[in-house]
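Below: the structure, in structure tokens.
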Amino acid sequence: MMTLQEKIDKLVRPEIRALNAYHVPAANDLIKLDAMENPWSWSAGLRTAWLETLQSVEINRYPDAAAAELQVSMRAAMAVPDSAGVVLGNGSDELIQMITQTVAMPGRVVMAPDPTFVMYRQIATVAGMDYVAVPLRADFSLDDGAMLAAIDTHLPTVTFLSYPNNPTGNLFDASSLRNLLSRAAGLVVIDEAYAPFTDASFMSEIGHYDNLLVLRTVSKMGLAGLRLGLLAGPPAWLEQINKTRLPYNISVVNQATGQFALAHREVFAAQAREIRAQRATLMDGLQALRPLTVFPSEANFILFRTPPGRATGIFEGLKAAGILIKNLDGSNRFLQDCLRVTVGLPEENAAFLEALRGLLQSG
């Protein structure tokens, strides 16, 4: 008779057994600068008005399956062209999964730069597709020649491009992305999760390329707990992708909350402007710490490289000082000695810089 582990080994696909589940560390009472969240809570007045809105939600009824009213609000907030189709997801992660499921077949390829958002590889693997990672240059810029050569060689069914890129924070050259769009026979998905913190976007170019899809999320604008994403692109593509969407994937609470929040989107736009200003201050503070290599950012986080062999020690030292950032050392061969800090409140950023300065000096 087989043991439980033997049953698992027999029934679970080897590539799934080899994966690690997405890990989110507990923050406890730490200053939380690890997850690219908006650091501002809602004001008391906004929270009260939101709770009043929720009182009218019929929690005993299924939600509008298409979330039609919320679609209208999100299209307006994200400047989606009138000619584009739209599908909403339970976060942009679900939309990445839906795109991949729509085209998944054995031997087909998902491609992305390396390093980039880890869920592209994870979702492709779960869907049974091959994954091709094309290394970025040493400064984390897009290697045009390598990407175009990989497109010609591997004929990817889907290419994901994080714009700005996570976890590096930089913005790939727009002309390079247009070259990829023109060369690729498969879908090219430009993931604009960090749109609130940059002026660059491909949203207005939907329709100029019949293989362009654009992803957005409300997570970075201050609604990470809502789990709400948007996929925009040619209606013919969206019609097919929508077939993989599970029924009622946007709950009545999320639909009501999303519409309420987007009706007050200037509050979040002002917070995004403040995060941009704080990013510049934090960047200046990090660049003044000479042993560090600090990479440019158009997102709400900054990637930096410590002196060799010191990343984990500095990460643990910051944690002991009550500050949680992201340790990327060991996660990817291109991120050796790298740490990533989210832009927080002014006092949180100052506390982080002071603690980091002390750790560098003591080492």
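The values are calculated or read from the model by the stated rules, or taken from the named source; none is laboratory data. Predicted model, so just to flag it, every value in this text is computed and none were measured. Note that each Cβ is placed from the backbone with ideal geometry, even for glycine, and that neighbours are counted across all protein chains shown. Surface accessibility is based on the protein's heavy atoms, side chains included, excluding ligands, DNA and RNA. Shrake-Rupley method; radii C 1.70, N 1.55, O 1.52, S 1.80 Å.
Details
- FRET E, pair residue 56, residue 266, Förster distance 22 Å, beta-carbon r, rounded to 0.05: 0.40
- Rg over Rh, two decimals, the chain (C-alpha only, Kirkwood Rh): 0.97
- Proximity of backbone amide H atoms, modeled 1.01 Å from N, is registered between residue 114 and 134, 136 at under 5 Å, excluding neighbours fewer than 5 places apart on the same chain.
- Lysines whose Cα lies under 22 Å from that of residue 319, excluding same-chain neighbours fewer than 8 positions away: 32
- Paired Rg and Dmax values of segment 161-208, which use every Cα atom, in angstrom: 10.7, 30
- Legend: translational diffusion of segment 273-337 by Stokes-Einstein, Rh = Kirkwood radius over C-alpha pairs, 37 °C, 0.692 mPa s; D = 258 µm²/s.
- To put it simply, the accessible area of segment 24-172 at a 1.4 Å probe is 52 percent carbon and sulfur.
- Cα-Cα P(r), segment 131-187, percent of pairs per 5 Å interval: 4, 19, 33, 28, 14, 3
- All Cα pairs of segment 1-155, percent lying beyond 18 Å: 77 percent
- Estimated dipole of segment 178-242 in Debye, rounded to 20 [Cβ of Lys and Arg +1, of Asp and Glu -1, Cα centre]: 160 debye
- Here is the list for segment 97-174: trypsin sites (Lys or Arg not before Pro) lying in DSSP coil, each with at most 13 other C-beta atoms within 10 angstrom of its C-beta, are 137.
- Accessible area per residue for the chain is 46 Å², calculated with a 1.4 Å probe on protein heavy atoms, without ligands, DNA or RNA.
- Here the calculated FRET efficiency for residue 82 and residue 143, from their Cβ-Cβ distance with R0 = 41 Å, stands at 0.70, rounded to the nearest 0.05.
- Within the straight-line cut-off of under 12 Å between alpha carbons, the aspartates and glutamates reachable from residue 326 are 34, 316, 337, sequence neighbours fewer than 8 places apart in one chain being disregarded.
- Once the convex hull of all Cα atoms in segment 220-363 is built, its volume per residue stands at 166 Å³.
- Relative contact order [Cα under 8 Å, 6+ residues apart], segment 229-346, whole percent: 19 percent
- Contour excess over end-to-end distance, with Cα ends at residue 312 and residue 336 and 0.36 nm allotted per residue: 7.6 nm
- Calculated from backbone phi, Karplus (6.51, -1.76, 1.60) coupling profile of segment 159-175 in Hz, x at Gly/Pro: 10, 9, 10, 7, 9, x, 7, 10, x, 8, x, 7, 9, 5, 5, 5, 5
- Hz values of 3J(HN,Hα) by residue in segment 98-105 - Karplus curve (6.51, -1.76, 1.60), Gly and Pro given as x: 5, 4, 5, 4, 4, 10, 5, 8
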